[in-house]
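These notes are about the structure you will find just below.
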Ligand code: HT7
Ligand code: ZN
């Protein structure tokens, strides 16, 4: 497959002023008529005319009304065109029913639906399918369906047709069409300037009861973007459609967001608190794209982080404002370490702005999204809140209606602050997770902190230059008082010292507060110092981090030296979890442990080959000791976290349920599941039901409850996804592969549905000790299914390949087993470009 490079960017030779599309819908033979007003692009002399097009049957093409015979290839067409404005027309036929890849126009449960990002529009008609070609779209849909939707505002509708016009120029990746028999949950929103907007959430009949939360989240997002970023909505209608067959979470098509039903439908009986929070964040994310992505879009796909990093950053701010800022930050860092760090520290490592790709779908990654958001957080921290707000205002004013680059983005910050951001820009071009080491010195009232940075080599980038790293630091005195408030140190060199004068006693530093940069901090301290920070740190993130690091060091000692669980950790944990002045959600996070794959990464970084079973055993032992150590506290925690109010998925109630659930998990280790059995019987919402069932399954019990759960929810596809995932994720390591294999034979295992496929194989890949269990049965099972899925849905297959990305961490035997599976998949004839690229990179 061809590699595409950022350095080769060149503008398209023609501007598309207006696009008119007519769809005659038919499951097997949809006709698409396109009429496009083109004119030569004054910004380039290149007059070659190539339109992308894939899997299209061309019926007819014409220029200025005269029929032509373009030269067709597998990827598009070319033809001579006038060196003056002209009207392009084409009629093509497509087969939505055969489209299992879920890109372009496809059918899901009899409903027509599109997914055009990144390069799906070329499967709908011939077009310059690149984000820097922006045009207005007018769309007519002819079909017998009660609901016919496209982008923008409705223009006309009648028996068997509807017309839509989107006045805002947009790239083709934001085009959308939906046709089907759906029902609406409707509402209205009055914008800050008094414009009325119709809001609709369209769902399958039967799902009406799961819409209210999503609608409230949408209205909150619209208000928040007005209040915090000064961004108002710009159409008369905002439609959201829920669809069951979808490759990712949701898609921000202009005025017509399309959502994976799992990312929008929610009810207390069927959704957990985590589901609610995620749904709220995704609705906000897609809505926020209306300005960061749609009104201002990307010049080319290398600039993906321009819209994604910024929009993730914005949705994180939204969640922090609506819920708890420290809890959101801790959860985001857990996620970053769980998904982005392994990517950045392995064969798939790539810069936040990649410089080449074969298949762009493979670059919708944690690095582009989550590290991209971290980079914006660092920029904000470096320039300050006020300059950040000014820079954003300038960005919207200067670039509205344009397709932009990271250079444009940084320039608004440079113009507002007069700062040279050329070194900062390395965050966009250098891959890898920087490591920071710490040296301390104390003399005559002066405390000196010396920080050093190195970034390990990554594929294609053997040498790294120092980056600008904002390191937020506070100092605590020996009695736990803060003697220096948080200050942002700018680490710009390989090694740099910072001094603090006038201190009465040697302070304890709290470094990288709020996780001010996406780095690995290597700080050699004693368990007593960590315990001190766990007890006293005034920065909630670092207080949590102290507990996490203690736990990590404790696990390391257990794994590598056979040590017993550390008393400093258990004492410190007890003190924090007992403190009922602290937010229950925060205390629940304190009870978490580093994930087993994170422990494997840490061992690997320390030069020790991780043994997944040893990590599992140590984790189990530590959990058991924790349960025993906190035994007397558990009944109190359970009582304290009872919710007497009607269910609300808000921060307060969900925090209580999280702490109550964590307490139940520990209690189950002591009472053999008695409490969980009774909780399961009484649970009146999915959070409590799933929490009790999980405890039982983890204890090797709960088969009766599991069967009852299935019978209760067999009609609800989203709950049945949970039912699949639970069994695999909570199986004992030696049973994980067998459990997953058995479930692939279940009549409900509809593997062509991405949610169902991921529901089963996601938890298998995440089950560290189960996936890596000796013998490699899980590797083989996953490979079998990736081979099966690839011809049907390359995008989902390729994403799942990342399960193998950490393979070089493990012993020779496991590497040989995984390597054999990678080779077996790669040897499949006709393997997709998506999967080929992923596996080739993983193999290195
Ligand atoms: N911008 C979207 C990214 C996306 C996507 C969504 C659904 C299906 C396929 C997709 N390919 C790329 C989602 C977002 O970041 O908001
Ligand atoms: Zn996005």
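To keep it simple, each residue is scored yes or no on (1) more than 16 Å from ligand 1 (Cβ to nearest atom); (2) closer than 30 Å to residue 388 by Cα; (3) not in a helix (DSSP H, G or I).
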site: 216; (1), (2), (3): yes, yes, no
site: 228; (1), (2), (3): yes, yes, no
site: 235; (1), (2), (3): yes, yes, yes
site: 262; (1), (2), (3): no, no, no
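Kindly evaluate residue 297 against the criterion of being within 13 Å of ligand 1 (Cβ to nearest atom) and over 15 Å from the mean Cα position of the chain (by Cα). Working first, answer last.
Working: within 13 Å of ligand 1 (Cβ to nearest atom): yes; over 15 Å from the mean Cα position of the chain (by Cα): yes.
Yes; evaluated as a whole, the condition is true for this residue.
Quick test for you: out of 266, 262, 284, pick the one residue that is crowded, with 24+ Cβ neighbours inside 10 Å, at pLDDT 95 or above and within 11 Å of ligand 2 (Cβ to nearest atom).
Numbers: 266 fails: within 11 Å of ligand 2 (Cβ to nearest atom); 262 fails: within 11 Å of ligand 2 (Cβ to nearest atom).
None of the others qualify; the one that does is 284.
Restricting the search to the range 243-252, which residues are touching a helix residue (DSSP H, G or I) at 6+ places or on another chain (Cβ under 6 Å) and within 9 Å of ligand 1 (Cβ to nearest atom)? Reasoning before the result, please.
Going through the range 243-252, the residues touching a helix residue (DSSP H, G or I) at 6+ places or on another chain (Cβ under 6 Å) turn out to be 244, 247, 249-250, 252.
247, 249, 250, 252, listed by residue number.
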Run down 347, 342 and say which single residue is away from ligand 2 (no atom under 16 Å from the Cβ), farther than 22 Å from residue 315 by Cβ, part of a helix (DSSP H, G or I) and in the same structural domain as residue 420 (by TED's automatic domain parsing). 342
Report every pair of residues separated by at least 6 positions or lying on different chains whose Cβ atoms are under 6 Å apart, first residue within the range 687-698 and outside any helix (DSSP H, G or I), second crowded, with 24+ Cβ neighbours inside 10 Å and modelled with pLDDT of 95 or more. none
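Please verify whether residue 269 is part of a helix (DSSP H, G or I) and either in contact with a helix residue (DSSP H, G or I) (Cβ under 7 Å, 6 or more places away or on another chain) or more than 24 Å from residue 244 (Cβ to Cβ) (or both), treating the condition exactly as stated. First the steps, then the outcome.
Values: part of a helix (DSSP H, G or I): no; either in contact with a helix residue (DSSP H, G or I) (Cβ under 7 Å, 6 or more places away or on another chain) or more than 24 Å from residue 244 (Cβ to Cβ) (or both): yes.
In short, no.
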Hey, can you tell me all the residues within the range 777-798 that are surrounded by fewer than 20 Cβ atoms within 10 Å (Cβ to Cβ) and not in a helix (DSSP H, G or I)? 791, 792
Could you tell me how many of the residues in the range 22-68 are in contact with a strand residue (DSSP E or B) (Cβ under 8 Å, 6 or more places away or on another chain) and in a strand (DSSP E or B)? 26
Only unsatisfied item for residue 362, checking (1) touching a residue at least 12 places away in the same chain (Cβ under 8 Å); (2) farther than 25 Å from residue 176 by Cα; (3) away from ligand 2 (no atom under 12 Å from the Cβ), is (2)
Restricting to the range 280-335, count the residues that are touching a strand residue (DSSP E or B) at 6+ places or on another chain (Cβ under 9 Å), assigned to a helix (DSSP H, G or I) and closer than 18 Å to residue 239 by Cα. 5
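Do we find that residue 830 is in the same structural domain as residue 735 (by TED's automatic domain parsing), without any contact (Cβ under 8 Å) to a residue 12 or more places away in the chain and either more than 23 Å from residue 366 (Cα to Cα) or surrounded by fewer than 18 Cβ atoms within 10 Å (Cβ to Cβ) (or both) in this structure? Quick ask: steps written out before the conclusion?
Numbers: in the same structural domain as residue 735 (by TED's automatic domain parsing): yes; without any contact (Cβ under 8 Å) to a residue 12 or more places away in the chain: no; either more than 23 Å from residue 366 (Cα to Cα) or surrounded by fewer than 18 Cβ atoms within 10 Å (Cβ to Cβ) (or both): yes.
The answer is no for residue 830.
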When both residues are 6+ apart or on different chains and their Cβ atoms are under 6 Å apart, which pairs have a first residue that lies in the range 422-442 and is farther than 16 Å from residue 517 by Cβ, and a second that is part of a loop (DSSP other than H, G, I, E, B)? 429/351; 442/506
Yes/no for residue 309 being within 16 Å of ligand 1 (Cβ to nearest atom) and closer than 27 Å to residue 512 by Cα: yes
Tell me, yes or no, whether the range 334-349 has at least one residue that is closer than 30 Å to residue 659 by Cβ, within 16 Å of ligand 1 (Cβ to nearest atom) and surrounded by 20 or more Cβ atoms within 10 Å (Cβ to Cβ). yes
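Residues checked against (1) more than 12 Å from ligand 2 (Cβ to nearest atom); (2) at pLDDT below 95; (3) in the same structural domain as residue 196 (by TED's automatic domain parsing):
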site: 223; (1), (2), (3): yes, no, yes
site: 227; (1), (2), (3): yes, no, yes
site: 234; (1), (2), (3): yes, no, yes
site: 245; (1), (2), (3): yes, no, yes
site: 255; (1), (2), (3): yes, no, yes
site: 258; (1), (2), (3): yes, no, yes
site: 278; (1), (2), (3): yes, no, no
site: 288; (1), (2), (3): no, no, no
site: 311; (1), (2), (3): no, no, no
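Can you confirm whether residue 295 is under 23 Å from residue 659 (Cα atoms), surrounded by fewer than 21 Cβ atoms within 10 Å (Cβ to Cβ) and within 15 Å of ligand 2 (Cβ to nearest atom)? Please lay out each step first, then the result.
Working: under 23 Å from residue 659 (Cα atoms): no; surrounded by fewer than 21 Cβ atoms within 10 Å (Cβ to Cβ): yes; within 15 Å of ligand 2 (Cβ to nearest atom): yes.
So residue 295 does not fit the description; no.
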Among strands (runs of 3 or more DSSP E) entirely within the range 493-532, at least 2 residues that are without any contact (Cβ under 8 Å) to a residue 40 or more places away in the chain occur in 508-511
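Results for (1) surrounded by fewer than 16 Cβ atoms within 10 Å (Cβ to Cβ); (2) within 24 Å of residue 431 (Cβ to Cβ); (3) under 34 Å from the mean Cα position of the chain (by Cα); (4) assigned by TED's automatic domain parsing to the domain that holds residue 329, shown as yes or no for each residue.
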| position | (1), (2), (3), (4) |
| --- | --- |
| 444 | yes, no, no, no |
| 470 | no, yes, yes, no |
| 490 | yes, yes, yes, no |
| 501 | yes, no, no, no |
| 508 | no, no, no, no |
| 518 | no, yes, yes, no |
| 533 | no, no, yes, no |
| 545 | no, no, yes, no |
Which numbered condition in (1) within 30 Å of residue 322 (Cα to Cα); (2) loosely packed, with under 15 Cβ neighbours inside 10 Å is the only one that residue 655 fails? (2)
Residues in the range 361-413 that are part of a helix (DSSP H, G or I) and in contact with a strand residue (DSSP E or B) (Cβ under 8 Å, 6 or more places away or on another chain) total 7
If you go through the range 621-635, how many residues are under 24 Å from residue 272 (Cβ atoms) and in contact (Cβ under 8 Å) with a residue 40 or more places away in the chain? 4
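The values are calculated or read from the model by the stated rules, or taken from the named source; none is laboratory data. All figures in this text were calculated on a predicted structure; none of them were measured in a lab. Note that each Cβ is placed from the backbone with ideal geometry, even for glycine, and that neighbours are counted across all protein chains shown.
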